[in-house]
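Asker: Pasting a structure below so you can have a look.
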Amino acid sequence: MKHIDEYRRPDSIKGLVAKINEISTKPATIMEVCGTHTVSISKNGLRQLLPRTISLISGPGCPVCVTGGSDIDTAIAYAQQKDVILATFGDMMKVPGSYQSLGDAKASGADVQVVYSTLDALDLAVKNPDKKVIFYGVGFETTAPTVALSILEAKRRGLKNYFVYSVHKVVPPAVAALISLGELKLDGFLCPGHVSAIIGSRPYEFIARDHGIPCVIAGFEPADILMAIYLIVKQVEESSPKVEIAYGRGVKEEGSQRALEVMDKVFETAPGDWRGIGVIDGTALAIRGEYGDFDITKVMSVEVPEAREIKGCECGEILRGVKLPFECKLFGKACTPRNPVGPCMVSSEGSCAAYYRYEGMGILNDG
């Protein structure tokens, strides 16, 4: 399959590993921002192929994982209201809030329905005119345009019972906040391919310019990631930080202008609550006032219990790259993919789930 098999060829992988080994002399800690990169790195055993000078750590690139507990509690509160259908993608069902998950709420009688697209949510609104259908908008710039389009389509159709609860987030300002914490010395960022297909490469330029940290946008196949690591290592060795695209078949410097226009038309930036980091200005996408009729927070108020942390869960530290998954005392014991305690074990893009499934940690802890 073009664009898949050619990026998995053993000879290509061996060649790239050899090139990295050839130039790597300085220690380099590289953070992969995207959860899909974390999964691919673990699944393909890329950490084990790299020289010991290179350390790969996961960052806050799983949108499910970084959704704040209070945002999950609010979604549950909406789902529990009379005459409401809460439509959500399936990966949010098991994510724990302060007291329960959406799955728990559904089991207790709330009308929570899993959808595969915003069009499915719009169809629910059409078929249930006596219900308020609320789409739970979780994700980064990758999925935000589709949610924006659903609002525009609902307006076009004149739907009065379709709403969105937006907890969408944008990535570059969160990376800036992570750098400002000063908890880690990072030598490079493996930047997300999906997000960058929308926003392009320019929003990362401040990272190289202001902080002297190399950035390379990567695809998701083994050769994609290794090529990006090679370019980061080359920048480190040459002390020449910049932003490069190693995923030209998916990402352009200017991004997707149509997607950006749609997002900008419907959304505006606002403070966003990131699990493990806190509230960061300019990182959430709130629905603009002119589309307030579709913003459930403007239409319906709910009583939300005071948020509380999940006892013993160290997802926050893992999302900041301060700890590795197996350094959490719950990992592989009280917390497994079958019985997750924290969101990093729930999501298929979560660091804990990736380490458990592919890094041998599950076998180690189960045995």
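The values are calculated or read from the model by the stated rules, or taken from the named source; none is laboratory data. Just so it is clear, the model here is predicted, and its values are computed rather than measured. Here the Cβ positions follow ideal geometry from the backbone for every residue, glycine too, while neighbour counts run over all protein chains shown. Quick note on the areas: whole protein, heavy atoms, side chains included, nothing else; ligands and nucleic acids left out. Shrake-Rupley method; radii C 1.70, N 1.55, O 1.52, S 1.80 Å.
Asker: Can you tell me which residues in segment 79-96 are open to solvent by 10 Å² or more (accessible area, probe 1.4 Å) and either assigned to a helix (DSSP H, G or I) or touching a helix residue (DSSP H, G or I) at 6+ places or on another chain (Cβ under 9 Å) (or both)?
Answerer: 80, 89, 90, 91, 93, 94, 96
Asker: Under 7 Å by Cβ, and 6 or more places apart or on different chains, what pairs join a residue from segment 188-205 that is over 14 Å from residue 139 (Cα atoms) with one that is open to solvent by 10 Å² or more (accessible area, probe 1.4 Å) and in a strand (DSSP E or B)?
Answerer: Between residues of segment 188-205 that are over 14 Å from residue 139 (Cα atoms) and residues that are open to solvent by 10 Å² or more (accessible area, probe 1.4 Å) and in a strand (DSSP E or B), the close pairs are 201/243; 201/245; 204/243; 205/243.
Asker: Right, next: Given the options 280, 310, 318, name the one that is more than 25 Å from residue 164 (Cβ to Cβ), out of contact with any Lys or Arg (no Cβ under 8 Å at 6 or more places or on another chain) and not in a helix (DSSP H, G or I).
Answerer: From the options 280, 310, 318, the qualifying one is 310.
Asker: Further question: Exactly one condition in (1) at pLDDT below 95; (2) open to solvent by 40 Å² or more (accessible area, probe 1.4 Å) is not met by residue 59; state its number.
Answerer: Condition (2) is where residue 59 drops out.
Asker: Does residue 13 satisfy being farther than 30 Å from residue 339 by Cβ, open to solvent by less than 40 Å² (accessible area, probe 1.4 Å) and in a helix (DSSP H, G or I)?
Answerer: yes
Asker: Ok, one more. Search segment 68-78 for residues being among the β-branched types (Val, Ile, Thr) and out of contact with any helix residue (DSSP H, G or I) (no Cβ under 7 Å at 6 or more places or on another chain), and hand back the single one that is farthest from residue 168 (Cα to Cα).
Answerer: Keep residues of segment 68-78 that are among the β-branched types (Val, Ile, Thr), which gives 72, 74, 76.
After this cut, where a residue has to be out of contact with any helix residue (DSSP H, G or I) (no Cβ under 7 Å at 6 or more places or on another chain) as well, the list is 72, 74.
Working: 72: 12, 74: 14 Å.
If we take residues in segment 68-78 being among the β-branched types (Val, Ile, Thr) and out of contact with any helix residue (DSSP H, G or I) (no Cβ under 7 Å at 6 or more places or on another chain), then 74 is farthest from residue 168 (Cα to Cα).
Asker: Restricting to segment 159-175, name every residue that is touching a helix residue (DSSP H, G or I) at 6+ places or on another chain (Cβ under 7 Å) and either part of a helix (DSSP H, G or I) or acidic (Asp, Glu) (or both).
Answerer: 172, 175, listed by residue number.
Asker: Looking for something open to solvent by 20 Å² or more (accessible area, probe 1.4 Å), in a loop (DSSP other than H, G, I, E, B), of a type outside the set (D, E, K, R) and more than 19 Å from residue 62 (Cα to Cα) - is there at least one such residue anywhere in segment 135-153?
Answerer: Checked against the condition, which is being open to solvent by 20 Å² or more (accessible area, probe 1.4 Å), in a loop (DSSP other than H, G, I, E, B), of a type outside the set (D, E, K, R) and more than 19 Å from residue 62 (Cα to Cα), segment 135-153 yields no hits at all.
Asker: Determine if segment 73-81 includes at least one residue that is more than 16 Å from residue 345 (Cβ to Cβ), modelled with pLDDT under 95 and either under 21 Å from the mean Cα position of the chain (by Cα) or small (Gly, Ala, Ser) (or both).
Answerer: No: segment 73-81 contains no residue that is more than 16 Å from residue 345 (Cβ to Cβ), modelled with pLDDT under 95 and either under 21 Å from the mean Cα position of the chain (by Cα) or small (Gly, Ala, Ser) (or both).
Asker: Has segment 19-29 got any residue that is among the small types (Gly, Ala, Ser), more than 20 Å from the chain's Cα centre (by Cα), surrounded by fewer than 20 Cβ atoms within 10 Å (Cβ to Cβ) and within 30 Å of residue 173 (Cβ to Cβ)?
Answerer: No; the residues of segment 19-29 include none that is among the small types (Gly, Ala, Ser), more than 20 Å from the chain's Cα centre (by Cα), surrounded by fewer than 20 Cβ atoms within 10 Å (Cβ to Cβ) and within 30 Å of residue 173 (Cβ to Cβ).
Asker: If I ask for residues that are under 23 Å from residue 142 (Cα atoms), small (Gly, Ala, Ser) and either out of contact with any Ser or Thr (no Cβ under 9 Å at 6 or more places or on another chain) or open to solvent by 10 Å² or more (accessible area, probe 1.4 Å) (or both), which ones from segment 63-78 would you list?
Answerer: Selection gives 68, 69, 70.
Asker: Taking residue 47 as meeting all but one of (1) open to solvent by 40 Å² or more (accessible area, probe 1.4 Å); (2) within 30 Å of residue 238 (Cα to Cα); (3) not in a helix (DSSP H, G or I), write down the number of the exception.
Answerer: (3)
Asker: Restricting attention to segment 338-352, which residues are assigned to a helix (DSSP H, G or I), under 19 Å from residue 89 (Cβ atoms) and touching a residue at least 40 places away in the same chain (Cβ under 8 Å)?
Answerer: 343, 344, 346
Asker: Let me ask something else. For segment 184-251, which fully contained strands (runs of 3 or more DSSP E) count at least 3 residues that are open to solvent by 20 Å² or more (accessible area, probe 1.4 Å)?
Answerer: The qualifying strands (runs of 3 or more DSSP E) are 243-245.
Asker: Moving to a separate point now. Among the residues of segment 269-307, count how many are in contact with a strand residue (DSSP E or B) (Cβ under 9 Å, 6 or more places away or on another chain) and open to solvent by 80 Å² or more (accessible area, probe 1.4 Å).
Answerer: The number of residues fulfilling the criteria is 6.
Asker: Select, from 265, 252, the only residue that is over 22 Å from residue 174 (Cβ atoms) and under 21 Å from the mean Cα position of the chain (by Cα).
Answerer: 252
Asker: Which condition number in (1) open to solvent by 40 Å² or more (accessible area, probe 1.4 Å); (2) more than 15 Å from residue 59 (Cα to Cα) is the one that residue 180 fails?
Answerer: (2)
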